[in-house]
Amino acid sequence: MDAVNKLAVVIDADNAQPGIVSELLAEIANYGIASVKRIYGDWTSAGLTGWKEVLLEHSIQPIQQFAYTKGKNATDSAMIIDAMDLLYTGNFDGFCIVSSDSDFTRLASRIRESGLTVYGFGEQKTPSPFVSACDKFIFTEVLRRATDESPAIKAKSRNQLRQDSKLVHLLRSACESSSDDTGWAGLGAVGSNIAKQAPEFDPRNYGYKKLGELVAATELFELEERQAGDSNGRALYIRDKRWSENG
């Protein structure tokens, strides 16, 4: 049996919403087990009262940090110091940093320098330096339930996807880098290449659950299912349509 990654989850209560916690923890479970779950804030503040029930339900440990000076975020400092203490224990394979605050950019970089994986979670307004400092960054908008207050992200049409030059370039570049001499590339390899180029990439940002669905929706690639090695499973391969057109 493969070893399960042990993850430390640190949450900035000032920059996260209690309504996404169930979905957040379900997403984290895709990457490993949340061995430590801590959330930081001034719990004497009325603004954090909505967290109480959520913390009890999900066994998240609240860490108290008083706001000593107005305009200075003592919570960030406490969270960074605590995260470094957890890093030095050597007990974890990765960290999940939940915040939309760029103050955690250096923390993410420092953890990665130690050879651990960093998963970031924040809103789409999160500054790009923090996003880029993580191995993978998931925008919390895709985790929210489809309610009137936070509607599900609608799947973009073929034309909308094609008009997104950054997306088109990313998909084509990843396919080309992962392809064999005939232009075909395994979707798994393409996904890995994309993750290295763009930590924030997620097909759900475009309204699609899987990378294969997003690729198919662009209609820019040929798709082919093949047998996966000696197993009975199937693997999806893709090829830029320009390959056959130019061939």
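With a 1.4 Å probe and all protein chains left in place, how much accessible area per residue does the chain have, in Å²?
54
Stretched out fully, how many nm does the piece from ALA3 to GLU213 gain, at 0.36 nm a residue minus the Cα gap? Write down the numbers at each step before the final one.
Details: separation 210, 0.36 × 210 = 75.60 nm, distance 2.96 nm.
Net length gain for the segment: 72.6 nm.
Would you tell me the accessible area of TYR88, worked out with a 1.4 angstrom probe on the heavy atoms of the protein chains, in Å² to the nearest 10?
Accessible surface of TYR88 is approximately 150 Å².
Largest first and in whole Å, give the semi-axes of the chain's equivalent ellipsoid, each being the square root of 5 times a Cα gyration tensor eigenvalue.
Largest first, the chain gives 37, 20, 17 Å.
So what's the stretch 95-211 giving for Rg/Rh, alpha carbon basis, Kirkwood Rh from the mean inverse pair distance?
Taking Rh as the inverse mean 1/r over Cα pairs, Rg/Rh reads 1.00.
Given a 1.4 angstrom probe, I'd like the percentage of the accessible area of the chain that is carbon and sulfur, rounded to a whole number.
Of the solvent-accessible surface of the chain, carbon and sulfur hold 47 percent.
Suppose R0 equals 25 Å. What FRET efficiency, 1/(1 + (r/R0)^6) with r the Cβ-Cβ distance, do ASP164 and ARG112 give to the nearest 0.05?
Efficiency for this residue pair is about 0.35.
Where does each of THR44, THR218, THR105 land when they are ordered by accessible area, with a 1.4 Å probe and the largest first?
Largest to smallest exposure gives the sequence THR44, THR105, THR218.
Which semi-axes, in whole Å and largest first, does the equivalent ellipsoid of the stretch 84-145 have when worked out from the alpha carbon gyration tensor as the square roots of 5 times its eigenvalues?
Equivalent-ellipsoid dimensions as semi-axes: 21, 12, 9 Å.
Nearest 500 deg cm²/dmol is fine: what mean residue ellipticity at 222 nm does the chain get from its DSSP H runs of n ≥ 4 alone, each adding -39,500 (n - 2.57), divided by its residue count?
-10500 deg cm²/dmol
How far, in nm, would the chain grow between SER192 and THR49 when pulled straight, counting 0.36 nm per residue and subtracting the alpha carbon separation?
On the way: separation 143, 0.36 × 143 = 51.48 nm, distance 4.00 nm.
Roughly 47.5 nm would be gained on extension.
Taking 0.36 nm per residue of separation and subtracting the Cα-Cα distance, what length does fully extending THR89 through HIS58 add?
Separation in residues times 0.36 nm, less the Cα-Cα distance, equals 8.8 nm.
Let me check the size of the stretch 1-129 from its C-alpha atoms; what are the radius of gyration and Dmax in Å?
14.2, 51
The values are calculated or read from the model by the stated rules, or taken from the named source; none is laboratory data. Since the structure is predicted, the reported quantities are computational estimates derived from the model, not experimental observations. In this analysis, Cβ positions are derived from the backbone assuming ideal geometry, glycine residues included, and neighbour counts consider all displayed protein chains. When the accessible area is computed, the model is the full protein with side chains, heavy atoms only, and any ligands, DNA or RNA have been set aside. Shrake-Rupley method; radii C 1.70, N 1.55, O 1.52, S 1.80 Å.
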